[in-house]
């Protein structure tokens, strides 16, 4: 994974990527994104690193600059994502290229990324913490860190139940695993995991949970787009862009938003 993605701090201006600051050898680093530019009102967005913790000590600007409130998100509550290293953002080239960041810019949504590399295990204690957030929507993007379909079946339903107890009507989007290059040789593990998630969602919808939605990972990033991977497992920027474009219509629908933020550009 590129150093920019691991420990970089992205600056976007009016929804457009400008530069990424990266740490040097010293503890404190002062980084200048730009200077001697035309003075006008701009909206600045900073994305913190996907993997390595940093402490932003200060943000500097011209002495005569005026700080104004940013334009509000279209919804007050964030979208909360839970899952694995793919959810966390591995292996985006810089923080603004995780699929959550891309979708948030397109739909002008706030988000919380609770992706944990190698540790998206669906523990009940984690479900309690995820559910403690007052979210506009939850996106469940976990399963691949578990060793088998049976282990997914053991935790997936209970995890959803804990979220539902705290948020009876909040939309929940359940994403089945995206393609994994190992499936080229051994497709059964991923196939069985997807089946477990499909059946759990179908059962709950049959019981009346109409705010639960299934999204197929293969629709977001499947074997027909193998160039979208770094190592056959983790998406690169192409892969995350594809995931964002695939997920965006579902989020727009369940949240009743129209993409009033920065739109997709082809």
Förster radius 30 Å - calculated FRET efficiency between residue 132 and residue 256 (Cβ-Cβ, nearest 0.05): 0.75
222 nm mean residue ellipticity, helices alone, for the chain (DSSP H n ≥ 4; -39,500 (n - 2.57); rounded to 500): -9500 deg cm²/dmol
Separation of the residue 195 and residue 35 label points, Cα + 7 Å toward Cβ, nm: 6.3
C-alpha center-to-center spacing [region 31-54, region 92-129] in angstrom: 21
Packing rank of 209-217, 47-55, where each peptide gets the mean count of other beta carbons within 10 Å, highest leading: 209-217, 47-55
Over the chain, relative contact order from alpha-carbon pairs under 8 Å, at least 6 apart, %: 19
Fluctuation leader among 43, 186, 71 - the chain, Gaussian network, Cα springs under 10 angstrom: 71
Per principal axis, descending, Cα span of region 79-255 in whole Å: 40, 37, 26
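All of the numbers you see were taken from the coordinates with simple rules; none came from a lab. Predicted model only: the values in this text are computed from it and were never measured. Every residue, glycine among them, receives a Cβ derived from its backbone with ideal geometry; neighbour counts consider all protein chains shown.
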